[in-house]
Structure formats: C-alpha cells, structure tokens
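**Student:** Mind looking over this structure? Questions follow.
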Amino acid sequence: MNTRNLLEPGVYYLQGAQACLEGAITAGCRVYGGYPITPATEIMEHAALRLPQVGGRFIQMEDEIASACVLLGSSWAGEKAMTATSSPGFSLMQEAISYGIMSETPMVIVDVQRPGPGQGYITTSQEDVMQARWGHHGEGSAIAIAPASVQEMYDFTIEAFNLSERWRSPVLIMCEENVAHMRERLIVPPLDTITVINRKKPQDLGIPPETYLPWGHDVVAPMANWGEGYNINYIGLVHLEDGNITKYDLAMHDRCVRRLHDKIEGNVDAIAKLETKFVETCKHLIVCYGSVSRTAIEAVVEARQVRGIDIGFLRLKTLWPFPEEQLRRILPPVDTVFVPEMNLGMMKHPIAEALRDRCRKIVPIPCLASLHTPEYILAKIDEEIR
Amino acid sequence: MTPIKRFEIRIAGFGGQGVVTIGKILGTAFTVYEKKNSVNTQSYGPESRGGACRSEVVLSDGEINYPFVRKADIFVALSQVAFDKYVADLKDDGILLIDPNGVSVPASAKKSCTVYEVPAMELSHEIGSTKFQNSVALGALYPLIKPFVAEDSLRKALTDNVPPKTVEPNMKAFEKGKTYLTSHHPDL
Amino acid sequence: MNRLHINPKYCKGCLICVDVCPKKALKPAEKINAKGYILPEEDDMSRCTGCGLCEVMCPDFAIAIETEDQQER
Amino acid sequence: MKKHPMLKYMKETGPQGDRMPMIMCPGCGSGQVLNAILHAVDRLIQEDGARKENFVFITGVGCSARLTSHYLNFDSGWTIHGRTLAIATGALLANPELRIIVITGDGDTGAIGGNHFIHVCRRNLDLTIVCINNGLYGMTGGQVAPTTETGISTTTTPYGNTEESFDLCRLAEAAGAPFVARWTTAHPHQTIRTLTKGIRKKGTAFIEILSQCPVHKKQSPVQMLKALKQGTARVKPGEPPVEGKIPIGEFCNLDKPEWIQSYQKVLDQFSNHRTPVEV
C-alpha cells in the first residue's frame with residue numbers, strides 16, 4: 001500500500017462525506033470524476049482537494065453520465081476510481097453501471113440519497129434502494145452496501161473497493177444525506193492493519209497474452225489492463241470467454257449472462273453482511289438498514305427494557321445481493337416484522353419474500369425525507385403489539 | 001470527568017451567528033480531545049430556511065445511536081425565532097442559555113428550567129466585531145458543561161475550527177463569555 | 001511481374017480496387033462466387049507498379065500485392 | 001499467399017474461433033478508415049518507435065463502433081453509444097501514457113455524445129478523435145443524423161430532412177480543439193498523413209472522414225467515392241471555402257495547453273503537499 005499523504009492513524013472528527021473519500025484513497029482510489037449535486041457535493045470537493053495530494057487525478061465532468069464513464073475508462077487503464085452523486089444523478093449513471101456489470105469492471109459509486117421522484121427535495125431518503133438493484137437495464141447485479149455512521153463511511157468505502165476488485169463488479173454505496181453530512185468520530189487504525197484487495201491479474205497468474213481469456217479462467221476472470229500488452233477488448237455485447245462475438249448462439253448468450261448473474265447472486269454468503277441483536281429467540285423483529293438502523297436499535301432497546309416487548313434487531317449491511325438464505329438461517333419464526341424505511345416500503349419486498357413462511361405479519365414503517373425518531377418507531381410497535 | 005450516558009446540546013440562532021461552528025468546536029473537543037463519542041448535525045434543507053439555523057451535539061461515553069436531539073439538556077438560543085422554534089424540545093429541567101438582547105423568555109418557560117444569560121452580541125462588539133459572538137457563547141457555555149469537557153480541550157478545538165488569523169480574538173471572546181457567566185454565577 | 005492476392009474469405013466484392021487502380025491492372029471476375037460477390041482478379045499485371053493504392057483503399061483487408069522483389073526473396 | 005499488410009494488427013482468429021471477415025457491408029467506408037488508421041499507427045511504431053502496447057482504440061455504438069469489436073490486435077474498448085470520450089477521459093486520467101484513438105460516427109459524436117465531444121475539445125485532452133461521417137445512422141437502418149444534409153430523405157425523414165446539419169469540424173474548432181481536419185475515404189494517403197500528425201499532436205485532434213454508406217444510399221461504393229472526390233475541395237487554413245464544395249484539409253493546428261499536462265503541474269506542486277483534514 002502506498003501510504004503517502006493518506007489519513008494517518010488517529011482519532012478525527014469528520015463529516016461522513018470526508019470519511020468516505022478518505023476511505024477511498026486509503027483503498028487505493030486514484031481517479032475521481034464527478035458532477036456536483038446536493039447533498040453529495042462535499043465528497044467531490046474533498047476529492048478535488050485530496051486526490052492531487054496522493055498523486056491521483058480529479059476531474060469535474062460535464063454530467064453524471066460522463067462521471068460514471070470516467071470510472072469505466074480508469075478502471076480499464078488500471079486505476080481504482082470512484083464517483084459520488086445523489087439520486088437524480090444516480091439515474092443518469094445506470095447506463096454505465098449496466099455496462100460495468102457486463103464488462104466486469106471494478107468501480108465504486110456513492111449515492112447520497114435524496115427524496116424523489118423528480119427533483120424531489122434535497123433532504124434525506126432511502127428511495128434509491130430498488131434502483132440500486134433494478135435501475136440498470138438487463139440481468140446481472142451490482143453489489144450495494146449501506147453505511148450508517150462516519151466510521152462506516154470510511155470502513156465501508158474501503159470494503160466497497162475491496163468487493164469491486166475481488167468480484168470485478170460495480171459496487172454502490174447507498175448512504176443517506178444525514179450520514180454524509182453528520183460529523184462524528186473516525187478512528188483510523190494502523191494502516192498496515194487495513195486490508196486492501198487488488199484485482200487478480202493474468203501476469204500474476206503466469207498467463208501470457210497468447211492464452212489469456214479476458215472472460216475466462218475462473219468465476220472471476222483475471223483482469224488485464226490497457227497498456228500491458230494483453231490486447232484486451234472491453235466489451236458490452238454478450239461474448240465468448242476469449243471475447244469473440246461472431247460465434248453468437250443462445251448457448252453462448254445464456255452462459256455469458258448467467259455467469260455474470262451467478263458471480264454475484266451465487267456468492268451471497270461471501271459478499272453479504274448482516275448485524276443482529278436479540279434475534280436468537282425473539283418474538284418480534286425489526287429489519288432495517290442504513291442510518292435508520294441507528295433509530296431502530298434505540299427503539300428496540302427501549303421496547304425491550306421499558307415496555308418488556310421481546311423484539312429482535314436485524315440490520316442489512318449489504319442490500320444487494322439480498323441475503324435471503326442468511327436471513328432464513330439466522331432467524332427463528334417470529335410474529336410481527338417491522339421494516340422502518342425512509343421510503344414507502346421498498347426493501348420490505350425482498351424481506352417479506354425471504355420471511356414468507358417465517359412470520360405472521362410484515363409492518364412497514366415508512367418515513368419520508370427525514371430520519372425516523374425512536375418515538376415514531378416505538379409508537380408503531382405499540383400500535384401493533386399492545 | 002463525569003461519566004455520561006447521553007447528553008444533548010442544541011445551539012440555534014440566525015444564519016451568520018456562527019451556530020454551526022459552535023457545534024463543530026464542541027464535537028471536536030469532546031471527540032478528539034476528551035476521547036468521548038459525539039455526533040454533530042446541523043440544520044439542513046427546509047429547516048435552514050426562515051432565519052433559524054441549528055446545530056446539535058449529542059455526547060456520550062458509549063455508542064450514540066439516534067444522532068439527533070430527542071430532548072435537549074442544554075439549549076443555547078441566540079435569536080428569538082430560533083428560541084420559539086426549538087424551545088419545546090428542551091427537557092423540563094433543562095438549561096437555557098440566551099443572549100438577553102436578542103431573546104426574551106416567557107415567564108412560563110422560566111419556571112422549570114434554569115436560565116442563564118450572556119450578552120454575546122454586546123461582548124463580541126467590545127472586541128471589535130459582532131462576528132465573535134459564537135465564541136462568547138461558547139465561553140459562556142463552558143461553565144455549564146464543565147463536568148464533561150476541559151477548558152483546554154475547548155480552546156484547542158476552537159483553534160482547529162476557526163481561521164488561523166482569528167484565533168486570538170476568538171480566544172478573547174471565549175474568555176469574555178466564560179468570565180461573564182462565572183462572575184454572575186459564582187456557584188459555577 | 002507483381003502478383004495479386006485476393007483473400008476470398010474476406011473480400012466482399014466492392015470492386016473499389018478495380019476502380020482506383022491507376023494502371024487498370026485489375027478487372028472484375030466473370031463469375032459470381034458462392035457468397036454472391038464478384039471478386040476482383042488480375043487483368044494485366046504487367047501494368048501494376050506496386051503503388052499499393054488498392055491495399056490502402058480496401059475496406060476488408062482482402063487484397064495484397066506481392067512485388068517482384070518480394071517474390072525473389 | 002501474401003496477406004494485406006495491415007492484417008498484422010488484426011486478430012483474424014482467437015482461441016474460440018475465427019473473427020474475420022469483418023461485419024461491415026460490402027464497400028462500407030468504415031473498413032477503409034480503419035485501414036488508414038492502422039497505416040498511420042504503423043508509421044508511428046516504425047518511425048517514432050511508439051510503443052504498440054500504449055495504443056488504445058475506443059469506439060461507441062454504431063457502424064464505426066464495430067471496428068474495435070474484437071478485430072484489433074491492440075487494447076480496445078467497444079463501449080457505450082456516445083460515451084467514448086468520457087471513457088477515454090477516464091483512461092487518460094488513469095494512465096496519461098496511453099495513446100488513445102477514439103473512432104466514432106456522426107451520431108456518436110454529433111448527437112448522443114455531443115456534450116462529451118465539446119467538453120473534450122474545450123479541455124484539450126491528448127487524444128485523437130476519428131469521426132466517420134456517412135451522414136446517417138447506418139446500423140439502425142438509415143435514419144437521419146445531425147450531419148444529414150437538409151432535404152435528404154431517410155427512414156425518419158420520409159418527406160425530406162427539414163433540419164440544418166452540423167459541421168462537426170467547425171464545432172470542434174469553436175469548442176477549442178487545436179487540431180481539426182477533414183478528408184474523405186477517397187483521400188487515403190492524405191488521411192494517413194493527417195492521422196499520423198493528429199496522433200502525434202499533444203492535445204485533442206479531431207479528424208472527420210466523410211464516408212460512404214452504399215447500402216442506405218443505394219449507390220455503388222465506386223460511384224460514392226467519386227462523388228466524395230468531386231463534392232469536396234481542399235482548403236488551407238485561412239483560405240475561404242470553395243463555393244458549392246465541402247471543404248477538406250487540415251483546418252487548424254494550434255499550440256494550446258493540454259489538460260493532462262496542465263493538471264500535472266498541480267500534481268507536481270501539491271502531491272507532496274499535505275493539507276491536513278480538519279481534525
């Protein structure tokens with residue numbers, strides 16, 4: 001790891017946006033292309049300041065479409081790259097995300113979510129969580145993770161780069177305005193204790209250009225970059241393992257797309273992470289993600305201690321691929337499942353599907369454009385259970 | 001220092017009074033210099049319209065989950081609009097710190113909570129500019145949060161969060177606020 | 001004499017080469033090939049100067065002129 | 001059998017089978033443009049000792065885009081419609097040593113990618129843009145393009161094109177590209193010469209090649225090449241265009257600061273500079 005000018009180990013008081021960018025450069029990000037949008041701009045401004053200091057390059061592009069495309073080009077040319085945007089900009093990036101999935105490109109996109117539809121407003125939201133999974137055209141999935149604190153904006157961003165390099169996939173950091181803007185403690189550990197994963201390369205595996213299959217060799221193919229003599233053709237059309245496209249037939253199509261899909265969806269256990277509390281024998285359950293989990297755990301503790309309600313807590317650190325099997329393995333049968341979200345009920349769908357025969361009732365607790373208060377969640381729990 | 005489970009401070013005023021900076025300084029002092037946990041948020045979007053600017057700091061020795069103020073332990077009000085908007089969220093036995101030249105507290109509110117006054121605008125003016133009123137308020141706040149933070153930590157955090165050229169007058173302002181409060185309330 | 005090489009796998013019979021040859025050394029074949037193309041063929045290669053215009057203008061990388069020098073080697 | 005000299009730069013076959021012949025229709029100008037580009041690159045490798053590994057070809061979507069679709073024995077990307085220049089920007093940021101040649105069409109550059117096009121020219125990024133202009137959308141079946149002349153009938157202008165067309169060279173020049181030229185597929189040697197110069201140019205080189213689409217214009221390639229020769233006239237910088245003819249030639253070759261080099265100055269100054277993040 002080149003540690004020159006990285007944030008040194010210590011205790012800092014930073015905004016989530018700054019912590020995110022510091023995590024990125026610690027993970028090796030050396031290119032940032034972006035376009036200003038509230039409430040994500042602070043990440044970009046910090047990138048403009050910091051990337052030159054670590055020998056990286058920053059560019060303000062002409063729009064979000066171009067910003068996401070910068071990641072494709074950078075990644076192919078061998079540098080880790082990131083952009084950050086907010087919901088309307090995230091819509092514009094879907095084209096490049098889809099292309100990133102097909103071309104198996106490591107790239108990291110931060111969506112500091114704001115409410116929609118349309119311009120909506122500039123406050124906070126979790127209204128893009130379905131767009132993260134289904135916003136891009138075609139089969140194949142990206143990985144989406146949801147940090148909830150300034151520390152996690154740092155840690156999860158490093159993890160996002162690691163996941164993107166490990167699985168050669170776009171990784172989406174789905175955070176909320178309140179997390180990007182809050183200031184909180186950030187502890188940077190000794191840099192040699194931080195795991196940084198880099199893409200597997202054919203050179204390292206002893207594969208010469210003559211026998212290199214850009215889309216073969218393994219579930220996650222070794223990745224040659226431009227300028228290394230591997231004559232690699234990054235491609236968006238369905239292809240054979242060697243990159244040939246003229247031998248099109250349905251079997252080739254099926255094999256190509258199914259591999260992209262299975263690479264992520266077939267490795268959920270290795271990719272997805274959960275956090276649980278009080279779930280071993282709980283009667284009721286709250287399932288949440290992102291900063292809502294901070295309100296939810298407060299409500300859960302209060303419901304248990306003050307009201308004597310046996311309610312468990314499950315937080316999805318990874319939104320996509322959705323860890324359905326993990327949920328079913330961990331959770332006992334429960335009565336009522338509460339799903340507080342800063343939208344009108346989005347992740348409740350895969351949650352309901354996963355717990356279809358494991359609970360009596362799913363109760364969404366929607367809250368638009370602001371973080372739920374603990375009182376708000378407690379009132380809903382009271383309403384259902386008492 | 002007194003152990004602390006959850007302590008909530010809200011500072012509000014109109015834009016330009018340096019309300020956001022007070023929050024950043026408090027958070028930095030608690031977290032970086034006192035090694036406690038703290039979350040600092042500020043008014044944003046619709047809240048920041050209409051002249052009431054807000055900054056919050058939640059402080060704890062342990063984890064802080066819900067990041068915003070639920071019921072403030074201390075409310076620093078530097079403008080009437082801000083006072084009217086947020087006073088309801090102050091704990092019944094909470095502490096109120098106001099600039100008496102900008103805020104008048106109705107008798108009903110005075111009953112349960114403890115009210116302290118600091119003429120922040122006026123004292124800042126004595127240093128030569130009204131732009132140091134936030135540091136005056138911070139200085140006046142210090143005796144009220146003394147159990148959780150050392151003066152030195154606040155001063156260091158202040159240095160971190162103001163332009164280098166203004167450190168000196170800001171320190172003066174801090175001192176003025178602190179002295180004003182302790183001289184009027186020798187018990188502190 | 002220079003020799004003409006047409007790759008029948010690549011040539012699509014656009015006949016640009018026949019037209020641009022300044023010495024008119026090529027001509028269209030009389031027969032249509034299996035793909036339905038009329039390929040170019042030698043007319044009078046003694047006129048060929050090896051200028052290479054046919055190679056440079058071929059859209060399909062299907063034509064090559066082998067000069068006398070190259071044949072000797 | 002002797003092979004076409006430029007086939008040394010093509011992947012005729014691969015581990016999973018043959019890749020050629022190319023997919024283009026008979027007599028399509030795109031193959032001619034690729035032929036010319038490879039001649040220019042060959043010259044740079046032979047004469048300048050340019051590193052073959054550093055050349056990268058990027059295309060978008062459309063007929064022109066198929067030129068990089070697995071045929072080239074170079075690094076390449078067959079990317080997104082209109083987004084080639086944004087992707088090229090990213091690649092240059094990551095590795096300024098790369099010599100990027102973007103092959104686009106008139107739709108790629110003038111329509112869907114218009115915004116990226118003007119901004120690359122404005123920034124003056126060190127890359128070469130070769131725009132194959134056939135005046136219509138060929139891949140999708142002959143629709144009107146921003147470069148289609150007024151009055152022309154296409155499948156989406158069945159009553160004739162009522163719009164004005166773009167002059168992409170004037171657009172590039174106005175947007176700030178320092179090297180701008182136009183030739184046609186009937187001018188191979190001039191094209192190769194200009195391409196060689198353009199790729200050597202430190203900065204954005206925009207080279208438009210007027211090309212033929214025999215299929216959608218329903219004319220023979222030979223006829224169309226003749227028309228391209230007759231309908232154009234060489235114009236040198238500063239000279240007025242010839243009445244009734246499309247100007248061709250090298251229109252400008254200016255010295256301007258190239259963006260990567262300008263940014264490098266920032267890097268040189270600040271890459272050892274540590275602005276501490278607020279604690």
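Throughout, read-outs are computed from the coordinates displayed, never taken from laboratory work. Just so it is clear, the model here is predicted, and its values are computed rather than measured. Quick reminder, even Gly has a Cβ in these numbers, built from the backbone with ideal geometry, and neighbours come from all protein chains shown.
**Student:** Roughly how far apart, in whole Å, are the Cα centres of the stretch D:117-179 and the stretch D:95-114?
**Tutor:** 12
**Student:** Can you give me the angle between helix A:250-265 and the longest principal axis of chain A, using Cα atoms only, in degrees from 0 to 90, rounded to the nearest 10?
**Tutor:** Once rounded, the angle reads 50 degrees.
**Student:** Arrange B:THR28, A:THR123 by Cβ neighbour counts within 10 Å, fewest through most, would you?
**Tutor:** Sorted ascending by nearby Cβ count, the order is A:THR123, B:THR28.
**Student:** Using every alpha carbon pair in the stretch A:10-193, what percent of pairs falls into each 10 Å bin from 0 up to the bin containing the largest distance?
**Tutor:** Pairs per bin, as whole percents: 11, 43, 37, 8, 0.
**Student:** Tally Lys and Arg at +1 and Asp and Glu at -1 over the other residues with C-beta under 11 Å from the C-beta of D:LEU127: what net charge comes out?
**Tutor:** With Lys, Arg at +1 and Asp, Glu at -1, the neighbours total +2.
**Student:** Now a separate question. Step by step: find N for chain A, compute 2.2 N^0.38 Å, then divide the Cα radius of gyration by it. What's the final number?
**Tutor:** Normalised Cα radius of gyration, chain A: 1.00.
**Student:** Too long at a 18 Å Cα-Cα cut-off: which of B:LYS5/B:LYS71; C:LYS24/D:LYS218; D:LYS8/D:LYS229; B:LYS5/B:LYS85; C:LYS9/C:LYS35?
**Tutor:** Result: C:LYS24/D:LYS218; D:LYS8/D:LYS229; B:LYS5/B:LYS85 exceed 18 Å.
**Student:** What does the net charge come to around D:MET139 if you take all other residues with beta carbon closer than 13 Å to its beta carbon, with K and R at +1 and D and E at -1?
**Tutor:** So the surrounding residues net to -1.
**Student:** Same structure again: Using DSSP to call loops (not H, G, I, E or B), can you name the trypsin sites (Lys or Arg not before Pro) in the stretch A:353-384 whose Cβ has at most 15 other Cβ atoms within 10 angstrom?
**Tutor:** Hits after loop and neighbour filter: A:ARG356, A:ARG358.
**Student:** Hey, another quick one. So if I average 1/r over every pair of distinct C-alpha atoms in the stretch A:202-310 and take the inverse, what Kirkwood radius in Å does that give?
**Tutor:** 18.3
**Student:** Could I ask something else about it? Could you work out how far helix A:16-26 tilts from the main Cα principal axis of chain A, as a 0 to 90 degree angle to the nearest 10?
**Tutor:** Approximately 40 degrees, to the nearest 10.
**Student:** Oh, and also: Taking just the alpha-carbon atoms of chain D, what radius of gyration and Dmax come out, in angstrom?
**Tutor:** According to the Cα coordinates of chain D, Rg and Dmax are 19.3, 72 Å.
**Student:** Here's a follow-up. Quick one: A:GLU79, A:GLU228, A:GLU275, D:GLU163, fewest Cβ neighbours within 10 Å first, how do they rank?
**Tutor:** Exposure proxy ranking, most exposed first: D:GLU163, A:GLU275, A:GLU228, A:GLU79.
**Student:** Considering the alpha-carbon set of the stretch B:7-184 alone, what are its Rg and its Dmax in angstrom?
**Tutor:** 14.8, 43
**Student:** Quick one: Debye curve from the C-alpha atoms of the stretch A:291-386, no solvent, what's log10 I(q)/I(0) at q = 0.13, 0.17, 0.20 Å⁻¹?
**Tutor:** At q = 0.13, 0.17, 0.20 Å⁻¹ the computed log10 ratios are -0.42, -0.74, -1.05.
**Student:** Would you kindly calculate the translational diffusion coefficient of the stretch D:208-275, applying Stokes-Einstein with the Kirkwood radius from alpha carbon pairs, for 20 °C and a viscosity of 1.002 mPa s, and quote it in µm² s⁻¹ without decimals?
**Tutor:** The calculation lands on 132 µm²/s.
**Student:** Give the aspartates and glutamates whose C-alpha is closer than 20 Å to that of B:LYS176, dropping any in the same chain fewer than 8 places away, or say none.
**Tutor:** Within the straight-line cut-off, B:LYS176 pairs with B:ASP99, B:GLU117, B:GLU122, B:GLU126, B:GLU151, B:ASP152, B:ASP160, B:GLU168, B:ASP187.
**Student:** Here are some pairs, D:LYS217/D:LYS245; D:LYS11/D:LYS256; D:LYS52/D:LYS201; which of them have Cα atoms lying more than 26 Å apart in this structure?
**Tutor:** D:LYS11/D:LYS256
**Student:** Sort A:LEU240, B:LEU188, A:LEU51 so that the residue with the fewest other Cβ atoms within 10 Å of its own Cβ comes first and the one with the most comes last.
**Tutor:** Ranking A:LEU240, B:LEU188, A:LEU51 by Cβ neighbours within 10 Å, fewest first, gives B:LEU188, A:LEU240, A:LEU51.
**Student:** Okay, next question. Relative to the present Cα-Cα distance, how much length would full extension add between A:HIS217 and A:ASP357 at 0.36 nm per residue of separation?
**Tutor:** Gain on stretching A:HIS217 to A:ASP357: 46.4 nm.
**Student:** Another question, then. Distance between the C-alpha centers of the stretch D:1-76 and chain C? Whole Å please.
**Tutor:** If we compute the Cα centre of each part, the gap is 20 Å.
**Student:** With the alpha-carbon atoms as the only input, what is the per residue convex hull volume for the protein assembly as shown in Å³?
**Tutor:** 200
**Student:** Rounded to two decimals, what is the ratio between the C-alpha radius of gyration of the stretch C:3-72 and 2.2 N^0.38 Å?
**Tutor:** 1.04
**Student:** Please identify the GluC sites (Glu not before Pro) of the stretch C:5-73 that satisfy two criteria: DSSP loop assignment and at most 15 other Cβ atoms within 10 Å. Which are they?
**Tutor:** Listed in order of number, the matching sites are C:GLU30.
**Student:** Let me ask another. I'd like the mean, over residues of D:56-69, of how many other protein chain beta carbons sit within 10 Å of each residue's own Cβ.
**Tutor:** Average neighbour count from other chains, rounded to a whole number: 2.
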